[in-house]
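Take a look at the structure set out below.
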Amino acid sequence: MGLKSLAPSGHLHYSDYLTTLITLTTIMKTLTVIIPCFNEELVIGECHRRVKNVLDALPNPSEIIYINDGSRDKTGTLLDGIAEADPQVKVLHFSRNFGHQPAVTAGINHCQSDLAVILDADLQDPPELIPAILETQRAEEANVVYCVRKSRAGEGRFKLLSAKLFYRTMNWMSEVNFPLDAGDFRLIDRKVIDEFNHLREKGKYIRGLISWVGFKQVPFYYEREARFAGDTKYPLGKMIGFASNAMLYFSKKPLKMAMGLGFLAVMVGLVMAVWFTLGKIYGFSHAESGWTSIITTIIFFGGVQLITVGVLGQYIGILFDEIKSRPEYIIDRKSNVSNPPSTH
Ligand code: UDP
Ligand code: MG
């Protein structure tokens, strides 16, 4: 659209031109929606229909990047069908299941737009909120709009409690302040995408890294819905892996706590030694030569040592993984994608 055509009388002041230009460029920011999918054959059709409806109504040029994270059901075939019918849809097929975080990372690496929204395929985070999120970004000139769950429908008590505990522990442990109860459902702009693409670590805790990157980050409150269909792809084992990865990558507190435990054990040992020695001399303590106290002490301090070594081991394990420097994901094939990933 020519700017002149916007001038009603042809006497627009220079600053009006500038304002119009700024408005136009903000309105026309390009948008990518990144959707990781693992065994989501039951939801993928509905997900695409709803996201597409939302994008079609937006003035922004947009695209969708689906990442098929090594699905073993019909997700891959369904995505191929969608991409064939719609050039606006890009699909990255992983060579196997690499996990949710690598899938989102691949989406961000392949995004060429000004803005990106990260969305789950299961429709727990309603795509219909995207226009309001975009509006928040525009109004606040934010670099990140992170979506905070006011409520979470359809989740079990255990998931709710463990998630609550997790976000609060993370905040206590880490040097970075994370927003509470915010998942990966968020909007990020080009500045954040570029910084993210510079990050070299392989074990990415994405929501943490986006907070860590900084810039202007604003919350957006919403009600989380129940999963549209199918089961969670985050069983307990994966959840524990995710949580421990997040903590180990973002905090050295476990190491400090292990050392604290060591100091505590030494103090207890010293006090006991002094107490029993003086007791023997002055006769106020009658320590029996029974084995119960000895065995208990051995097991207790053995445990303290093993925990300490274990914590150390976890960090060494991370160093081991990072030093191997294997890629975070391997792409088997791509549909409608021509650009290589932008990692630096
Ligand atoms: N997901 C993935 N790879 C995995 C596990 C999950 O790409 O190994 C995707 C999944 O398809 C979904 C999103 O990540 O789009 C979030 O997973 P899910 O909804 O199962 O997690 P929950 O909401 O139960 O924590
Ligand atoms: Mg979900």
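Hey, can you tell me all the residues within the range 49-101 that are touching a Cys at 6+ places or on another chain (Cβ under 9 Å), open to solvent by 10 Å² or more (accessible area, probe 1.4 Å) and among the acidic types (Asp, Glu)?
Residue satisfying the conditions is 63 alone.
Quick one: how many residues across the range 181-209 are of a type in the set (Phe, Trp, Tyr) and under 8 Å from the mean Cα position of the chain (by Cα)?
Total meeting the criteria: 1.
Tell me yes or no: at least one residue of the range 92-105 is assigned to a strand (DSSP E or B) and within 16 Å of ligand 2 (Cβ to nearest atom).
Within the range 92-105, not a single residue is assigned to a strand (DSSP E or B) and within 16 Å of ligand 2 (Cβ to nearest atom).
Consider residue 35 against the criteria (1) open to solvent by 10 Å² or more (accessible area, probe 1.4 Å); (2) under 19 Å from the mean Cα position of the chain (by Cα): it satisfies all of them except one. Which criterion is unmet?
For residue 35, the exception is condition (1).
If residue 340 satisfies every condition in (1) open to solvent by less than 80 Å² (accessible area, probe 1.4 Å); (2) outside any helix (DSSP H, G or I) but one, which is the exception?
Failed condition: (1).
Inspect all residues belonging to the range 112-120 and state whether any of them is within 12 Å of ligand 1 (Cβ to nearest atom) and either under 15 Å from residue 328 (Cβ atoms) or of a type in the set (S, T, N, Q) (or both). Steps first, answer last, please.
Within the range 112-120, the subset within 12 Å of ligand 1 (Cβ to nearest atom) is 118-120.
So of that shortlist, the ones also either under 15 Å from residue 328 (Cβ atoms) or of a type in the set (S, T, N, Q) (or both) come out as none.
No: the range 112-120 contains no residue that is within 12 Å of ligand 1 (Cβ to nearest atom) and either under 15 Å from residue 328 (Cβ atoms) or of a type in the set (S, T, N, Q) (or both).
Can you tell me which condition residue 78 does not meet? The list is (1) within 16 Å of ligand 2 (Cβ to nearest atom); (2) free of Cβ contacts under 8 Å to residues at least 60 places away in the same chain, and all the others hold.
Against the list (1) within 16 Å of ligand 2 (Cβ to nearest atom); (2) free of Cβ contacts under 8 Å to residues at least 60 places away in the same chain, residue 78 comes up short only on (1).
Residues checked against (1) open to solvent by 50 Å² or more (accessible area, probe 1.4 Å); (2) more than 18 Å from the chain's Cα centre (by Cα); (3) touching a residue at least 12 places away in the same chain (Cβ under 8 Å); (4) more than 14 Å from ligand 2 (Cβ to nearest atom):
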position: 221; (1), (2), (3), (4): yes, no, yes, yes
position: 225; (1), (2), (3), (4): yes, yes, yes, no
position: 228; (1), (2), (3), (4): yes, yes, yes, no
position: 231; (1), (2), (3), (4): yes, yes, no, no
position: 235; (1), (2), (3), (4): yes, no, no, no
position: 238; (1), (2), (3), (4): yes, no, yes, no
position: 242; (1), (2), (3), (4): no, no, yes, no
position: 251; (1), (2), (3), (4): no, no, yes, yes
position: 259; (1), (2), (3), (4): yes, yes, yes, yes
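Could you list, in sequence order, the residues of the range 193-217 that are hydrophobic (A, V, I, L, M, F, W, C) and either farther than 27 Å from residue 151 by Cα or open to solvent by 10 Å² or more (accessible area, probe 1.4 Å) (or both)?
193, 196, 199, 212, 213, 215
Do the conditions hold for residue 139, that is, is it within 15 Å of ligand 2 (Cβ to nearest atom) and either under 13 Å from the mean Cα position of the chain (by Cα) or farther than 22 Å from residue 99 by Cα (or both)?
Judged against the criteria, residue 139 is not a match.
If the Cβ limit is 6 Å and pairs must be 6+ apart or interchain, which residue in the range 33-54 that is over 19 Å from residue 184 (Cβ atoms) pairs with which residue that is more than 15 Å from ligand 2 (Cβ to nearest atom) and open to solvent by 40 Å² or more (accessible area, probe 1.4 Å)?
41/73; 41/74
Being among the aromatic types (Phe, Trp, Tyr) and open to solvent by less than 90 Å² (accessible area, probe 1.4 Å) is the filter; apply it to the range 308-331 and report the residue that is modelled with the highest pLDDT.
Among those that are among the aromatic types (Phe, Trp, Tyr) and open to solvent by less than 90 Å² (accessible area, probe 1.4 Å), it is 329.
The values are calculated or read from the model by the stated rules, or taken from the named source; none is laboratory data. These numbers come from a predicted model, not from an experiment. Reconstructed Cβ throughout: ideal geometry from the backbone, glycine too, with neighbour counts over all protein chains shown. These area figures cover heavy atoms from the full protein model, side chains too; ligands, DNA and RNA do not enter into them. Shrake-Rupley method; radii C 1.70, N 1.55, O 1.52, S 1.80 Å.
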